[in-house]
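The next block holds one structure in the form of structure tokens; read it before the comments.
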Amino acid sequence: MSSRAARSENVAGWLFVLPAAALIGLFGIVPIGWSLLLSFQHNDLLAAPQWIGLDNYRQLADDPVFRDSIRRTLVYTALFVPLSVFGALGIALLLDAKIRFIRFYRLAVFVPVATSTVATGIIFNWLLEPTYGIANYLAGKVGLGPYGFLQDPDQALYAIVAMTVWGWLGFDVIIYLAALQGIPEELVEAARLDGAGRFRIFRHVVLPLLSPATLFLIVWSTINALQVFDEIYVTTLGGPLQATTVLVYYLFDQAFHLFHGGYAAAIAYVLFLMTLVVSLVQLWLGNRTVHYSS
Amino acid sequence: MNRPLVLLAVTLAALLPAGCGDSGSSGSGGTVDVVMWHGYVDIEGDALAAAAKKFNASHPKIHVKLQNYGNADNALQKVLTGIRGGSYPDIAYLYGSWAANIAESPKTVDLKPLIDADSSIDWEDFWPAERGAVTVGDKIIGVPALVDNLALVYNKQLFQAAGVAEPTADWTWDDFRSAAKALTDASQKQFGWAYVADASEDTVWRFDALLWQAGGDILTADGSQAAFNSDAGVKAATLLQQMATVDKSVYLDNGSGNYANLFNSGKIAMLFTGPWDLSGFPDVEYGVQVLPADQNHQTISGPDQWVLFDNGSERRDAAWEFLKWFTSSEQAMAFSLATGDLPIRASQTDLPDYPKYVAKYPGIDMFVKNQANAEKARPVLATYNEISQAMGQALQAVLLGKAEPKQALDQAAQQVDQILSQGS
């Protein structure tokens, strides 16, 4: 290819990505840079900002609510990721069968993902309402409860885990279903001819071939879980007694209720570093164990 | 967890009105455009549009443009974003609790000189609670837009069914507590009272009324320290504790506003609420009474305001002209009559339309009378949200039975003292 043709192709290429790149730049890169500056300021988003160096970060180190919010975020993530990923694996295996109404079952599993978070939140608020909700009504029928659910400081975080796992399971299931259907039939057949039982086929053929999907889902779910916010905003508003004040909720509260813009930006950067470290560790561990079929 | 989308939507929502605001410069043909941001919808939106139309017709030199900014809860953020971007409204509807924050912005017009120079506005005619809410130091940062107060709203049928005498203007806390207990029926999932226990300002301001009734105050007179952990405060918080955790006569709302639906379904006998909720009770025959007393019957008023922002003297003068007209007694009465909002001026009660208004909105006259019980206002401080949050957490702990009143309030007071000593 002549260099002129290459150059004009280059230009065309840049033109094609320009709209997307401009959007990402405007709504992605610029805020990232701006919030870094913000994190070194005392900024109430009203009066002129003041430069205070690392004071925001120093203050974070002594903030018990911040420490608690990190602990809750980690607890949430440690529950959400395995429950949603391995729960989805089980359901995907069940749905990867040739039975009647299979399309209906797959649709049923996916519907919560397509439902808006706000609608989910309102529905769960009613289902889990301690006095009039259907969850306690059913629990009462079998002699359990009543539970406070979202309104009990000791249960709220777990109720949020249940609600979000329900809401996101379908997405993971779809990924696993696609991966399952990409497993070559001949590999399974060969294993069967070699005398492997169902469990050994699953353990030594299917599971390794699913590992790229598993790695993707674990990394993706972890990033999402560390940043959980919407479901909490529409149900508990971080309560009761801050039991569901996770990192992003605390950030939001600082920025938009208390107008501590700089402090909130510092929280965002701590969260960013946390996410980065966790993702890198996961990818590093993953690359040592994941099988990519060629 | 669709964060990127949510954030994008929030950003766009914040930017959109700002973008539209550009068109607010001086129009052609010598008319001045005034851009007004508000969150009114339905009946209130129609009433505001009608008022703007009427004004534009009678004032050919000024053209008022209304722009709805969506939910008023996020209005301050949107106005701030607009100011950052250099494109902001001339007038915006903003909550009273933001007064101190608003006063910090250099773009906010101080109305004090304008009011002093113009006796036609009759400033003293606005209720004291309204004037207190817009006064920040020696500045006046807005004109009252809406006023309300808390009164006791009760379901007459439930009182009759339980054989309990209806609340009177002489009711005490003890009368109230024992009535709530008598009106509670666990087997029917029926409660005597409801309390919003989401630790937000909704939780705090109902407590403020109780605190004032017991003779206490939120801060010390000089505003330097917390005072809500006084004996009066502990007494008020203990009332909440006893009713919620011992009598179990209180339905604790988690902030979703279920209490209004439940009251309308006859599951809750009494509420401390304001006139804005009345239209949500078509299915019950309700009565309205002043709040029960400890030492007095004080209530709390939550005024909101129209704030003027400086887009040059021409637009500022035009905006001021419109605000004076819109908040005059006659126009305010027309708005009240259309919407059921309380009169923002005392003189509205003398107007010929006032009896029509009282007849149209059952129970509203008690709220108008009750406005006289709104003697005190919450502190106007930029750190108020932090103070409210500390108090809200303490009250939530008490209501959920997780802390003793004295201990919880003392702890919150300690936090508030620290907030006050640091500034914002």
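The values are calculated or read from the model by the stated rules, or taken from the named source; none is laboratory data. As the structure is a computational prediction, the values presented were derived from the model and not from experiment. Cβ coordinates were reconstructed from backbone atoms using ideal geometry, including for glycine residues, and neighbour counts include every protein chain displayed. To get the accessible areas, we keep the full protein, side chains included, count just its heavy atoms, and leave off ligands, DNA and RNA. Shrake-Rupley method; radii C 1.70, N 1.55, O 1.52, S 1.80 Å.
Data for the structure
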| read-out | value |
| --- | --- |
| Separation of alpha-carbon centers, the range A:92-151 and the range B:329-390, rounded to whole Å | 44 |
| For the range A:88-239, accessible area per residue (1.4 Å probe, heavy atoms of protein chains only), Å² | 53 |
| Solvent-accessible area per residue, Å², over the range B:305-393 with all protein chains present [probe radius 1.4 Å] | 37 |
| Per-peptide average of other Cβ atoms within 10 Å, ordering B:168-180, B:138-150, B:231-243 highest first | B:138-150, B:231-243, B:168-180 |
| Computed over chain B: relative contact order in percent, which uses C-alpha pairs under 8 Å that are six or more apart | 23 |
| Percent accessible area from carbon and sulfur atoms, the range B:28-140, protein chains only, probe 1.4 Å | 54 |
| Cα gyration tensor shape for the range A:113-269, rounded if a/c is under 1.5, else prolate or oblate | oblate |
| DSSP loop chymotrypsin sites (Phe, Trp or Tyr not before Pro) with at most 12 other Cβ within 10 Å excluded, longest remaining stretch of chain A | A:102-291 |
| Euclidean distance of C-alpha centroids, the range A:3-54 and the range A:203-249, integer Å | 27 |
| Peptide A:252-262 - average C-beta neighbours from other chains (10 Å radius) | 3 |
| Two-site label geometry, B:Ser187 and A:Asn10: point separation in nm, points 7 Å out along Cα→Cβ | 8.6 |
| Chain B: most fluctuating residue of B:Gln298, B:Gln396, B:Gln411 per GNM, C-alpha cutoff 10 Å | B:Gln411 |
| Chains A and B together, accessible area buried on both sides, 1.4 angstrom probe, square angstrom | 3300 |
| Choice from B:Pro128, B:Pro89, B:Pro355 with maximal GNM fluctuation in chain B (Cα, 10 Å cutoff) | B:Pro355 |
| Gain in span if fully extended, B:Ser120 to B:Ser421, counting 0.36 nm per residue against the direct Cα distance | 104.2 nm |
| Within a Gaussian network of chain A (alpha carbon springs, distance under 10 Å), most fluctuating of A:Val281, A:Val113, A:Val219 | A:Val281 |
| Cα gyration tensor shape for the range B:279-416, rounded if a/c is under 1.5, else prolate or oblate | oblate |
| Percent RCO, i.e. relative contact order, over the range A:101-177, from Cα pairs under 8 Å lying at least 6 residues apart | 35 |
| Share, in percent, of DSSP beta bridges within the protein assembly as shown that are antiparallel, nearest 5 | 60 |
| Derived scalar couplings ³J(HN,Hα) [the range B:265-272; Karplus, 6.51 cos²θ - 1.76 cosθ + 1.60; whole Hz; x for Gly, Pro] | 8, x, 9, 10, 8, 9, 9, 9 |
| Cα gyration tensor shape of the range B:94-191, rounded if a/c is under 1.5, else prolate or oblate by comparing a/b with b/c | prolate |
| A:Leu193-B:Glu404 pseudo-label distance in nm [points 7 Å out on the Cα-to-Cβ vector] | 8.0 |
| Whole-Å distance, taken between Cα centres, linking the range B:215-230 and the range B:75-110 | 29 |
